[in-house]
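Report on the following structure.
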């Protein structure tokens, strides 16, 4: 069995810690992306489009605010597939949980990647 100096052992420990940190960061990024994807998929609302920002401060992701009675619900995600041809302010908007489709003015449109 080889004998290592304390400097070599310290170097190996540092490399192992760095490798572990890289793996943890990769796992965090992976689960963040999965969570964002699920948020758009699990979003639900049934109301009227109140406002639209096609390039929001949220990394340029579309942000659609839906008015439901006296409540305003924000639908914002980079997974939104809608554009200015599909939805406008004042349109009826309905999206159910666990669906990639929306009903906009009673027309079924794929709205989540």
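Data overview
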{"item": "Qualifying residues in the range 74-93 (those that are surrounded by 13 or more Cβ atoms within 10 Å (Cβ to Cβ) and over 14 Å from the mean Cα position of the chain (by Cα)) - the one nearest to residue 40 (Cα to Cα)", "result": "82"}
{"item": "Selection from the range 99-112 of residues that are part of a strand (DSSP E or B) and surrounded by fewer than 12 Cβ atoms within 10 Å (Cβ to Cβ)", "result": "107, 108"}
{"item": "Failed item in (1) on the phi > 0 side of the Ramachandran plot; (2) surrounded by 19 or more Cβ atoms within 10 Å (Cβ to Cβ), with residue 60 passing the rest", "result": "(2)"}
{"item": "Residues being part of a strand (DSSP E or B) and at pLDDT 95 or above - total across the range 77-94", "result": "3"}
{"item": "Scan of the range 79-113 for residues that are without any contact (Cβ under 8 Å) to a residue 60 or more places away in the chain and in contact with a helix residue (DSSP H, G or I) (Cβ under 7 Å, 6 or more places away or on another chain), ordered by number", "result": "79, 80, 97, 98, 100"}
{"item": "Options 11, 96, 71; residue that is more than 21 Å from the chain's Cα centre (by Cα) and surrounded by 10 or more Cβ atoms within 10 Å (Cβ to Cβ)", "result": "11"}
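The values are calculated or read from the model by the stated rules, or taken from the named source; none is laboratory data. Note that the structure is predicted; figures quoted are calculated from it, not measured. Because the Cβ atoms are built from the backbone with ideal geometry, glycine has one as well, and the counts that use them run over all protein chains shown.
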